[in-house]
Amino acid sequence: MQLFPRNEKNFYGRRKGRKVSSTISKLVEDYSYKFYLQEDQICKLKLHENEKNILEIGFGNGENLVNMSLNKPNDLFIGCDAYYNGCTKLVRQILNKNIKNIKIWPDDIHLIIKKFKKNFFDFILIIQPDPWPKKKHKKRRLIQQKFLDDLNQILKFKGELIISTDHKVMKSWVLEQLHVREDFLWIKNGYYYQNKQPEWIINTKYTKKALQNNRVVNWFFFKKN
Ligand SMILES: C[S@@+](CC[C@H](N)C(=O)[O-])C[C@H]1O[C@@H](n2cnc3c(N)ncnc32)[C@H](O)[C@@H]1O
């Protein structure tokens, strides 16, 4: 089984943080076959096997995925992040809590986004994407028109794309990228709704950091049209 990293060339974020102990690395290697999605499995995922199918892109340490999966054991949660340390934390949580309904793609989402069946997901979550605030780094931002085309394909009709950010550049970027699209409707439209975090999504590391520093976290909800 191939472990990380697979897409070294075009991935801009951090791959590894602090050194992971050899015990944890071994644990991940030993159990990854159970939780890691293989590319050829993706198109075989069955549409109606679970009540809902939810994708979280850039799960960080995976705390929200763990919480959602425990609350909704009949749903399938697919988490994707190319950050090794976060993936190891998620694998440990899955083992400790004996979670059965999370699958991990431990790499760049672009490598698999086209492999999912069309209309597969009920929800796609992108919580606090990297803002890449400098103009010269615009291309590094995750949310781009082509990426939104792909997300639209794999979302069910009326499925929701939920994005949150505490960064003013990313806030404008999300709106700029989505308001031109007829295949996504901005729901709960308008200023007053932006900050309502759904009760089923918990505060992640980046959300907590933003709130501790008194930054507003904006939540955007787009429905596939
Ligand atoms: C700012 S962090 C937010 C993490 C987490 N959602 C939170 O709120 O704490 C953004 C995360 O997105 C991941 N990421 C960025 N681009 C990605 C990509 N193309 N595919 C998969 N993960 C990606 C990064 O590795 C990082 O963990």
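Readers should treat all values here as calculations from the given coordinates under stated rules, not as data from a laboratory. Model, not experiment: these values are computed from the prediction. Neighbour counts are summed over all protein chains in view; Cβ atoms, including those assigned to glycine, are modelled from backbone coordinates with ideal geometry.
The helix-based estimate of mean residue ellipticity at 222 nm for the chain, built from -39,500 (n - 2.57) per DSSP H run of four or more residues and divided by its residue count, is -9000 deg cm²/dmol to the nearest 500. Charge tally for Lys156 (other residues, Cβ to Cβ under 11 Å; Lys, Arg +1; Asp, Glu -1): +4. Across every pair of non-identical alpha carbons in segment 19-73, the mean reciprocal distance, once inverted, gives a Kirkwood radius of 13.7 Å. For segment 100-203, applying the loop criterion from DSSP together with a ceiling of 14 other beta carbons within 10 Å to the GluC sites (Glu not before Pro) yields Glu182, Glu199. Under the Kirkwood approximation for Rh and a Cα-based Rg, what ratio Rg/Rh is obtained for segment 106-150? For segment 106-150, the value is 0.99. Highest mobility in the GNM of the chain, judged by mean-square fluctuation with C-alpha springs under 10 Å and restricted to Ile202, Ile57, Ile143, is found for Ile202.
Taking every DSSP bridge with both residues inside segment 53-224, close to 35 percent are antiparallel.
Select from segment 123-202 those trypsin sites (Lys or Arg not before Pro) which occupy a DSSP coil region and have at most 10 other Cβ atoms within 10 Å, ordered by residue number. Answer by residue number: Lys134.
Relative contact order of the chain: 20 percent, from C-alpha pairs under 8 Å at least 6 residues apart in sequence. Restricting segment 48-139 to GluC sites (Glu not before Pro) that sit in a DSSP loop and have at most 13 other Cβ atoms within 10 Å of their own Cβ leaves Glu49, Glu51. Where the alpha-carbon atoms of the chain are placed on the principal axes, they occupy 48, 39, 34 Å, in descending order. Hey, could you get me the Stokes-Einstein D for segment 1-114, Kirkwood radius over alpha-carbon pairs, 4 °C and 1.567 mPa s, rounded to whole µm² s⁻¹? Value of D from the Cα-based Kirkwood radius: 90 µm²/s.
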